[in-house]
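Chemist: Dropping a structure here in structure tokens format, bear with me for questions.
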Amino acid sequence: MTSPASGATGVDTLPEYAPIPRSALGPALNDQGYYVGQVERNLYYVTDGVYQSAFLTTDDGVVLFDAPPTIGGNIQRAVDEVAAANGVTNRVTHLVYSHHHSDHGGAASLFGDVVHIGHEETRRLLLRDNDAARPIPEVTFADRYTLEVGGERVELAWHGPNHSPDNIYIHFPDHDTLMFIDVVNAGWVPIYNTNLSEDVPGYMAAPAIALDYPWTHFICGHLGRLATREDVALHQRYIADIEASAREALSTVDPTPYYMHYPENFWAGVKAHLDTVTERAAAPVIAKYTGVLAAADIEIFTRTTTFAIMQSLRLDSGPSGPVHP
């Protein structure tokens, strides 16, 4: 008979990774599995260590920004905790979607009859997705929208596609804070394929747009702690190193031997060539950032992000290769 802790589960065969830099870790969670922290004044964030939501308490109600299902009911518990401590209302009246993805908005329906706000593309995509857990936004905008509730002001802006076609910048000018989701992970590398982003050039350009805003606190949507301007700059250096390494590998890896080895199986030649380019480009980046950015040594993360950037260089920036005479 095999015990649950034995090799039958596969756990004992899982790989080990480099220690996580202490600077990458967020605060400890409470017994209910969340942490709620003050960002500035009446702006707060709540996290389960993997996802983040934010809320603004006002005289006229609470404005919620994203509702990740992994945090779920703990969002309201965090609101209740803050409201009780400060003697303000705990009633959520508005919910702003940063973008349409379910992992950041899938608990929106828990808050009942509130005003939902999002980009016009968010509305289109949520109508397409037809998910009752994510109510359709009644208030939409194209480029910019100023949300004013209870004497507080929040500036919403769309600067083009990046992680998703509808991902917006949420600026709290009176709270020295920017909320921008799924591009920079505070202290950590992006996960697969540039954080599973749909527009790689937009993803790569987005941190510079974020840094153009005035802010000290950055709510990035994932992991336990808030980000800083240095976190965004470090992310930019990591991505720039991948881009430079991918350019070098594309220009120096000769594809001919791979296609000669597979004279009839063209896709096998393509795979061998591009896998070699990806490996050559990713290896020095993995070595450089291990111990600097958490999970840099989980090779598939940097490799798939390198592959996505390398493919964007081929397909978006060009050239994809030499032109046949």
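Chemist: In the stretch 107-114, is there at least one residue being assigned by TED's automatic domain parsing to the domain that holds PRO173, within 26 Å of GLU40 (Cβ to Cβ) and touching an Asp or Glu at 6+ places or on another chain (Cβ under 8 Å)?
Modeler: Checked the stretch 107-114: no residue is assigned by TED's automatic domain parsing to the domain that holds PRO173, within 26 Å of GLU40 (Cβ to Cβ) and touching an Asp or Glu at 6+ places or on another chain (Cβ under 8 Å).
Chemist: Just to be sure before I move on: is ALA227 at negative phi, under 13 Å from the mean Cα position of the chain (by Cα) and either in contact (Cβ under 8 Å) with a residue 12 or more places away in the chain or surrounded by fewer than 23 Cβ atoms within 10 Å (Cβ to Cβ) (or both) in the structure I sent?
Modeler: It is true that ALA227 is at negative phi, under 13 Å from the mean Cα position of the chain (by Cα) and either in contact (Cβ under 8 Å) with a residue 12 or more places away in the chain or surrounded by fewer than 23 Cβ atoms within 10 Å (Cβ to Cβ) (or both).
Chemist: Go through (1) in contact with a Phe, Trp or Tyr (Cβ under 6 Å, 6 or more places away or on another chain); (2) surrounded by fewer than 21 Cβ atoms within 10 Å (Cβ to Cβ) and name the single condition THR47 misses.
Modeler: (2)
Chemist: Here's a follow-up. Output yes when any residue across the stretch 132-154 is within 30 Å of LEU313 (Cα to Cα), acidic (Asp, Glu), surrounded by 15 or more Cβ atoms within 10 Å (Cβ to Cβ) and not assigned by TED's automatic domain parsing to the domain that holds GLU299, and no when none is. Break it down stepwise before answering.
Modeler: Within the stretch 132-154, the first condition is being within 30 Å of LEU313 (Cα to Cα), and the residues that meet it are 142-143.
After this cut, where a residue has to be acidic (Asp, Glu) as well, the list is 143.
Remaining after also requiring surrounded by 15 or more Cβ atoms within 10 Å (Cβ to Cβ): none.
Looking through the stretch 132-154, none of the residues is within 30 Å of LEU313 (Cα to Cα), acidic (Asp, Glu), surrounded by 15 or more Cβ atoms within 10 Å (Cβ to Cβ) and not assigned by TED's automatic domain parsing to the domain that holds GLU299.
Chemist: Here's something else I'd like to know. Any idea which residue in the stretch 301-325 is nearest to the chain's Cα centre (by Cα), counting only those that are surrounded by 12 or more Cβ atoms within 10 Å (Cβ to Cβ) and of a type in the set (Val, Ile, Thr)?
Modeler: In this case the residue turns out to be THR305.
Chemist: Collect the residues in the stretch 19-51 that are modelled with pLDDT of 95 or more, part of a loop (DSSP other than H, G, I, E, B) and out of contact with any Lys or Arg (no Cβ under 8 Å at 6 or more places or on another chain), keeping them in residue-number order.
Modeler: ALA28, LEU29, ASN30, ASP31, GLY33, ARG41, ASN42, ASP48, GLY49, VAL50
Chemist: Sticking with this one: For the condition more than 20 Å from ASN167 (Cβ to Cβ), not assigned by TED's automatic domain parsing to the domain that holds SER53 and not in a helix (DSSP H, G or I), what is the one hit in GLU243, GLU248, GLU264?
Modeler: Residue meeting the stated conditions: GLU264.
Chemist: I've got another one for you. Would you check if THR57 is in the same structural domain as GLY160 (by TED's automatic domain parsing) and touching a residue at least 24 places away in the same chain (Cβ under 8 Å)?
Modeler: Here the answer is yes, as THR57 does meet what is asked.
Chemist: Now, a different point. Restricting attention to strands (runs of 3 or more DSSP E) lying wholly within the stretch 66-185, give those where 3 or more residues are in contact (Cβ under 8 Å) with a residue 60 or more places away in the chain.
Modeler: Hits in the stretch 66-185: 152-157.
Chemist: Hey, another quick one. Let me spell it out: the conditions are (1) over 30 Å from GLN52 (Cα atoms); (2) buried (at least 18 other Cβ atoms within 10 Å of the Cβ); (3) of a type in the set (A, V, I, L, M, F, W, C), and VAL232 meets all of them except one. Which number is the exception?
Modeler: Among (1) over 30 Å from GLN52 (Cα atoms); (2) buried (at least 18 other Cβ atoms within 10 Å of the Cβ); (3) of a type in the set (A, V, I, L, M, F, W, C), VAL232 violates only (1).
Chemist: If I filter the stretch 271-298 down to residues being without any contact (Cβ under 8 Å) to a residue 60 or more places away in the chain and closer than 14 Å to TYR238 by Cα, which single residue comes out as surrounded by the most Cβ atoms within 10 Å (Cβ to Cβ)? Walk me through how you get there before you give the answer.
Modeler: Our first condition is that a residue be without any contact (Cβ under 8 Å) to a residue 60 or more places away in the chain; within the stretch 271-298, this holds for 271-288.
Among the residues that remain, those that are also closer than 14 Å to TYR238 by Cα are: 281-288.
Working: ALA281: 27, ALA282: 25, ALA283: 16, PRO284: 15, VAL285: 24, ILE286: 18, ALA287: 12, LYS288: 16.
Taking the candidates together, the pick is ALA281.
The values are calculated or read from the model by the stated rules, or taken from the named source; none is laboratory data. Just so we're clear, the structure is a prediction, and the values are computed from it rather than from any experiment. Please note: Cβ atoms are built from the backbone with ideal geometry, for glycine as well, and neighbour counts cover all protein chains shown.
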